[in-house]
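Student: Okay, here's the structure, questions in a sec.
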Amino acid sequence: MIYLEEAKNGSLTCRKAGHYLHSKYNPEEEADKFVRSLSPDFSPFCIIVAGPCLSYCFAPLRKRFPAIPIYGVQYEAFFTKKTEQSAPLHSACAQSTAPAWNGVFCTEHKDALLLAEALFEQLGEQLIFGAFFTVWPPAERLYTEQSRLFWEAVKLLLQKSRDVLATRAFFSRCWLKNTFRFFIRCTHICGIEKGHKPILVAASGPSLEASIPYIKKYRKSFFLIGLSSALQALIENGIYPDLCISTDGGFYAEAHLRILEKVFAQGVPLPLAVSAESRVSSAILENLPIIPLRYGDGIENRLFEHCRLPAVPALRNGSVSGTAASLALSLTSAAVYFCGLDLENGSGYRHAQPNMLEKNDALTDNRLRPLVTRLSVPENGSLDIYRQWFSSRNEEFSKRTARVSAVPYKQTLGNIRDLHWDDIKENLRMYESLQMPRIYTIKNGKAAENKKNICDFLHAEKAACEHKNEPERTVQWYENCAPLAYLSSLKYPESQEFKAEAAKTVLHTFEELFKLCT
């Protein structure tokens, strides 16, 4: 229990289990000394203070770091909300613990993973890259378990930020070229209206194979969204999704979509919801009905505005299944079901069969490295990250979603329910007459007209970067083309190496993009 009392200087202090969490003489002076003792060896993007208790450290932190966000992670819920009691000391506590933090989190009733996910969602990988973490010393001594949990969460947080930024650094220029190719080649633009029928999102986990007969049986009962990696397994089993979706910008992602070219040649133009940065062939962009997904950030956002291209708002996510989940929830008032969303590490096939990547990998099998050796290699940590994302969803998300399968899932996803197809069969029959989301054509264009429009855009953007007369536009190019070098130049502003590397990368990127317009 927290006991509040007046300090010698008339301010409020508190103690727990006989130990003071702030000075019983002058809490403000104690906080000033603490803040003066902090010595980050880089230029912080934000400050995260664990266990600030009555938050006396906030004012001196704000004075010392006036331009960056400051977050608090309280070790006890008492310090995060106003008490209902009317005693003067409690009223003072409510005032002193509610300064203008940019965000307040709490370790109480949470595990390290949930805390890390909550911090990542609010801060993002860029702020975390330059975050300075510190702990209020009395709280660290008294709340040993909460402090351990906090540092465990920090470890998870930094790992996720590192992985996301490494992916961005590796693929950023590729994604940017994909984005400009999208705006040049995309011609048959469609939109989609919300419906009332349940949506089934088919992912490519191995359990999808056992669900194929059930999907066929109840096909009329739901609107089917097929993730790119699941398309071959669905289509070769005679199941044509109402909507396909792809958000992956890697070169291997294009292989998953080749089946769409094949069925288009047979007279079946399946609609594709796709982000601009995704890797999609020109044949698909020019011939299939395309529903653009718009993340609303960076250069992509300005391109949508420049080209006046209508799009569906989408959630940027490390996995297409995360983006598809958000999209599905926005497209229906009913439930959203997932199948094949295994997200399980282990040996064996990673995807339901047949799968294009498996066909490609099989070409390298030989006597020295046969199929069984290849499949025994453990999966990397990406599935753990995706599983953590689904497991940390809030109640509003989990109460509308469920996983269905004909075989048990090995890994749970937090509060998301796991059901057998037989558990919902009665409900599915009732859904057949409900209105499905409707896909409609917005406009048809020509690649040649798009190319001229994009070329004009590029000339204006390059001029702005060279003259540096519009800092916001210049920053977006640095963030998109050379994210690690740019962020490092901000974190270590005295270093000229990172600035030169970022500028060189941006210039080279412009040269590559102009080639797309020729």
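The values are calculated or read from the model by the stated rules, or taken from the named source; none is laboratory data. The shown structure was predicted, so the numbers you read here are calculated from the model rather than taken from an experiment. Glycine also receives a Cβ, built like all others from the backbone with ideal geometry; neighbour counts cover every protein chain displayed.
Student: Quick one: would you say Lys194 is modelled with pLDDT of 90 or more and more than 19 Å from the chain's Cα centre (by Cα)? Walk me through how you get there before you give the answer.
Tutor: Numbers: modelled with pLDDT of 90 or more: yes; more than 19 Å from the chain's Cα centre (by Cα): yes.
The answer is yes for Lys194.
Student: Take the range 235-247 and flag every residue that is closer than 24 Å to Pro437 by Cα and either part of a helix (DSSP H, G or I) or of a type in the set (Asp, Glu) (or both).
Tutor: Taking the range 235-247 and keeping what is closer than 24 Å to Pro437 by Cα, we get 235, 237-247.
Answer for the range 235-247, where residues must be closer than 24 Å to Pro437 by Cα and either part of a helix (DSSP H, G or I) or of a type in the set (Asp, Glu) (or both): Ile235, Asp242.
Student: Sort through Gly205, Gly195 and tell me the only one that's surrounded by fewer than 20 Cβ atoms within 10 Å (Cβ to Cβ) and in the same structural domain as Ser405 (by TED's automatic domain parsing). Walk me through it before giving the result.
Tutor: Values: Gly205 fails: surrounded by fewer than 20 Cβ atoms within 10 Å (Cβ to Cβ).
Step by step, each of Gly205, Gly195 is checked, and only Gly195 is surrounded by fewer than 20 Cβ atoms within 10 Å (Cβ to Cβ) and in the same structural domain as Ser405 (by TED's automatic domain parsing).
Student: Considering only residues that are in a helix (DSSP H, G or I) and within 22 Å of Phe183 (Cα to Cα), which ones fall in the range 477-504? Write out each step before concluding.
Tutor: Initially, the range 477-504 is screened for residues in a helix (DSSP H, G or I), giving 477-481, 483-491, 497-504.
Trp477, Tyr478, Glu479, Asn480, Cys481, listed by residue number.
Student: Okay, next question. Does the range 415-427 contain any residue that is more than 20 Å from Glu209 (Cβ to Cβ), in the same structural domain as Gly340 (by TED's automatic domain parsing), assigned to a loop (DSSP other than H, G, I, E, B) and modelled with pLDDT of 90 or more? I'd like the intermediate steps shown before the answer.
Tutor: Within the range 415-427, the first condition is being more than 20 Å from Glu209 (Cβ to Cβ), and the residues that meet it are 415-417, 426-427.
Now restrict to residues that are in the same structural domain as Gly340 (by TED's automatic domain parsing): 415-417, 426-427.
Next, only the ones that are assigned to a loop (DSSP other than H, G, I, E, B) stay: 415.
Narrowing further to those that are modelled with pLDDT of 90 or more: 415.
Yes, the range 415-427 contains at least one residue that is more than 20 Å from Glu209 (Cβ to Cβ), in the same structural domain as Gly340 (by TED's automatic domain parsing), assigned to a loop (DSSP other than H, G, I, E, B) and modelled with pLDDT of 90 or more.
Student: Could you please find all residues in the range 152-176 being over 12 Å from Leu119 (Cβ atoms), polar (S, T, N, Q) and surrounded by 16 or more Cβ atoms within 10 Å (Cβ to Cβ)?
Tutor: Passing the criteria: Thr167, Ser172.
Student: Scan the range 441-484 for residues that are of a type in the set (S, T, N, Q), surrounded by fewer than 18 Cβ atoms within 10 Å (Cβ to Cβ) and within 22 Å of Arg168 (Cβ to Cβ) and report the count.
Tutor: Here the count works out to 0.
Student: Moving on to the next point. Within the range 295-314, can you find the residues that are in contact with a strand residue (DSSP E or B) (Cβ under 9 Å, 6 or more places away or on another chain) and either of a type in the set (A, V, I, L, M, F, W, C) or surrounded by fewer than 19 Cβ atoms within 10 Å (Cβ to Cβ) (or both)?
Tutor: Gly296, Asn301, Phe304, Leu309, Pro310, Ala311, Val312, Pro313, Ala314
Student: Given the structure, is Ala169 under 24 Å from the mean Cα position of the chain (by Cα) and under 23 Å from Gly340 (Cα atoms)?
Tutor: no
Student: A further question on this structure: Restricted to the range 401-433, and to residues that are surrounded by fewer than 19 Cβ atoms within 10 Å (Cβ to Cβ) and of a type in the set (Lys, Arg), which residue is nearest to Phe222 (Cα to Cα)?
Tutor: Only one residue fits best here, namely Arg429.
Student: Out of the range 41-86, which residues are surrounded by fewer than 13 Cβ atoms within 10 Å (Cβ to Cβ) and assigned to a loop (DSSP other than H, G, I, E, B)?
Tutor: Scanning the range 41-86 gives Asp41, Pro66, Ala67, Lys82, Glu84, Gln85, Ser86.
Student: I want to confirm something. Restricting to the range 205-232 and keeping residues that are outside any helix (DSSP H, G or I) and not hydroxyl-bearing (Ser, Thr, Tyr), which single residue is farthest from the chain's Cα centre (by Cα)?
Tutor: Start the filter on the range 205-232 by keeping residues that are outside any helix (DSSP H, G or I), which leaves 205-207, 218, 222-227.
Retained after the next criterion (residues that are not hydroxyl-bearing (Ser, Thr, Tyr)): 205-206, 222-227.
On the way: Gly205: 20, Pro206: 24, Phe222: 26, Phe223: 24, Leu224: 23, Ile225: 20, Gly226: 20, Leu227: 17 Å.
Of everything passing the filter in the range 205-232, Phe222 is farthest from the chain's Cα centre (by Cα).
Student: Further, regarding this structure: Which pairs turn up if I take residues in the range 244-266 that are modelled with pLDDT under 95 and look for partners that are among the basic types (Lys, Arg) with beta carbon separation below 7 Å, at least 6 apart in sequence or on another chain?
Tutor: Listed pairs, sorted by first residue: Asp248/Arg279; Gly249/Arg279; Gly250/Arg279; Phe251/Arg279; Ala253/Arg279; Glu254/Arg279.
Student: Among the residues of the range 453-467, is there at least one that is touching a helix residue (DSSP H, G or I) at 6+ places or on another chain (Cβ under 7 Å) and under 27 Å from Ser211 (Cβ atoms)?
Tutor: Start the filter on the range 453-467 by keeping residues that are touching a helix residue (DSSP H, G or I) at 6+ places or on another chain (Cβ under 7 Å), which leaves 453-454, 457-458, 461-462, 464-465.
Narrowing further to those that are under 27 Å from Ser211 (Cβ atoms): none.
Within the range 453-467 (the criterion being touching a helix residue (DSSP H, G or I) at 6+ places or on another chain (Cβ under 7 Å) and under 27 Å from Ser211 (Cβ atoms)), the answer is no, since none of the residues qualifies.
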